[in-house]
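Undergrad: Below you'll find the structure I mean.
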Amino acid sequence: MVFFISGTNSQRTQLMDFSKPIPDATKKTILTKVIGEMEQEIYELCLRQGIDVSALEADYTAPAEPADSPTGKIREPERRIQFLNERLTKAKSDLTALG
């Protein structure tokens, strides 16, 4: 699959060709960057929420939203930590699998 930047047929500029496999070295570079960004965001969220990041479990689960929550967003930061932590675990596993 090939994606193009908009323009007329004669002016199309190829944006990215997804039909070619990404080399493992490139995957490692991308995953390393993504892991660093997710770790930074988790660290910042934990600091704001008063969560000890060094005690954060790999299977961290955000506390349940209180039944009387007027917006349903009281535990949103903790849910974000859980989501990022799950993605971080997967990214680290993928990086390890690449060798």
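Undergrad: Please name whichever of GLY72, GLN40, ALA55 sits farthest to the positive end of the charge dipole of segment 22-98, dipole taken about the Cα centre and charges placed at Cβ: Lys and Arg +1, Asp and Glu -1.
TA: Toward the positive end, the furthest listed residue is GLN40.
Undergrad: Once label points are set 7 Å from the Cα along Cα→Cβ at both LYS20 and ARG87, what is their separation, rounded to one decimal in nm?
TA: Once both label points are built, they end up 2.7 nm from each other.
Undergrad: Grab the other residues whose beta carbon is less than 11 angstrom from that of ILE74, score K and R as +1, D and E as -1, and report the net. Please list the in-between numbers first.
TA: Details: positive: LYS73, ARG75, ARG79; negative: GLU65, ASP68, GLU76, GLU78.
For residues surrounding ILE74, the net value is -1.
Undergrad: Considering the convex hull of the alpha carbon atoms of segment 22-98, report its projected area averaged over all viewing directions, in nm², one decimal. Write out the running numbers ahead of the final one.
TA: Working: hull surface 24.0 nm².
That works out to 6.0 nm².
Undergrad: For LEU56, what charge total do you get from the other residues with a beta carbon under 15 Å from its beta carbon, if Lys and Arg give +1 and Asp and Glu give -1?
TA: Working: positive: ARG48, ARG79, ARG80, ARG87, LYS92; negative: GLU39, GLU41, GLU44, ASP52, GLU57, ASP59, GLU78, GLU86.
Value of the local net charge: -3.
Read-outs throughout are calculated quantities, based only on the coordinates presented, and are distinct from any laboratory measurement. Quantities reported herein were computed from a predicted structural model and do not represent experimental measurements. Reconstructed Cβ throughout: ideal geometry from the backbone, glycine too, with neighbour counts over all protein chains shown.
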